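Working notes for the structure below.
The values are calculated or read from the model by the stated rules, or taken from the named source; none is laboratory data. Quick caveat, the model's predicted, so the values are computed rather than measured. Cβ placement follows ideal geometry from the backbone for every residue including glycine, while neighbour counts extend to all protein chains displayed. In case anyone asks, the SASA skips ligands and DNA or RNA and just uses the protein heavy atoms, side chains included. Shrake-Rupley method; radii C 1.70, N 1.55, O 1.52, S 1.80 Å.
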Amino acid sequence: MEQFIELLNQLQPLSLIQVILWGFAGAMSFYFSLGNARVWTSISIGFFLVFLSQAYQLNPLAESYYKLSAFHYIIGTVAIMVITHGFLEYYVFCRTFEISGKKAVVYLVTFLILVASGIFLIVNPAPSPNTIRNIKMVENAIWVFLSFMNIELIRKIYSSIKDSAISKGFIAFGIVFLCIFLWKGSELYLQVFQWDKEWMEIVTLTGEDSDIALYPGRVQFSQMVSQYAGLLSSISVSGTFIYLYRLLK
């Protein structure tokens, strides 16, 4: 408990609020998936996994066990892949009005992927801080590209159902992914140029060179975009699921 309280004190207020909001969004999305059609399941469970991936900031063991940190980032990668699959399914449904598979299959396959990822981490050596950073960079890169893809899928879905009452919900999803694109994109930008917090920690440990002092404005602006876009993404996704829940009831 003392370790958990110390971790909360170290978190910036906006980061703590963001994690709490993702927790609310995750709970809403999971509940939403239980009470609605199969076509919503992948989308909802994916957003629930986003919360689990963000929960590393509140996990007192993540800083001590690198494998646990890596697992949180893998969950984040699986999350966006599941979400993208869900929107692709929804687009196909809009075009063909066919739904294939059952809800249980989505839950089972997602669970098995996470179990397989956990086993992979267990049987391999503990990752170094640099490996953890690389895993996080891969997660951010996948989020950036698939967020852009999801925005396009959402545009096509909206075009197909714009006369329905639920169409405005997809406009809200578009705003969500725009915020996520800015959030993850700014993090990826910092990582590519080695201006992120994790690289600074590696520099401190190894004594490697860094040119971060030469670009304070760019670094500060990117950090600000990451922080506020991340907060806006958690707010917008919570509001979107509440709005969709009311529309579909």
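The figures follow:
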read-out	value
Per residue accessible area in Å² of the chain, where ligands, DNA and RNA are left out and the probe is 1.4 Å	53
Among Ile235, Ser222, Ser210 - extreme Cα towards positive end, dipole of the stretch 185-247, charges at beta-carbon	Ile235
Set of lysines near Lys67 by C-alpha distance (under 16 Å), chain-local residues within fewer than 8 positions excluded	Lys136
Nearest-20 debye value, the stretch 92-157 charge dipole, Cβ charges on Lys, Arg, Asp, Glu	140
Taking N as its residue count, the alpha carbon Rg of the chain over 2.2 N^0.38 Å	1.05
Largest-first ellipsoid semi-axes for the stretch 77-204, taking √(5λ) over the Cα gyration tensor eigenvalues, angstrom	33, 21, 8
Size of electric dipole in the chain: Cβ of Lys, Arg +1 and of Asp, Glu -1, about Cα centre, debye, nearest 20	1180
For the chain: relative contact order, % (alpha-carbon pairs under 8 angstrom, 6 or more apart)	23
Arg218 accessible area, assembled protein chains, probe 1.4 Å, Å²	130
Percent accessible area from carbon and sulfur atoms, the chain, protein chains only, probe 1.4 Å	68
Spin-label pair Lys67/Tyr243, simplified geometry with 7 Å Cα→Cβ offset, distance in nm	4.3
Cα radius of gyration and Dmax for the stretch 144-248 (Å)	18.1, 60
Computed [θ] at 222 nm, deg cm²/dmol, the chain (DSSP H ≥ 4; -39,500 (n - 2.57); rounded to nearest 500)	-28000 deg cm²/dmol
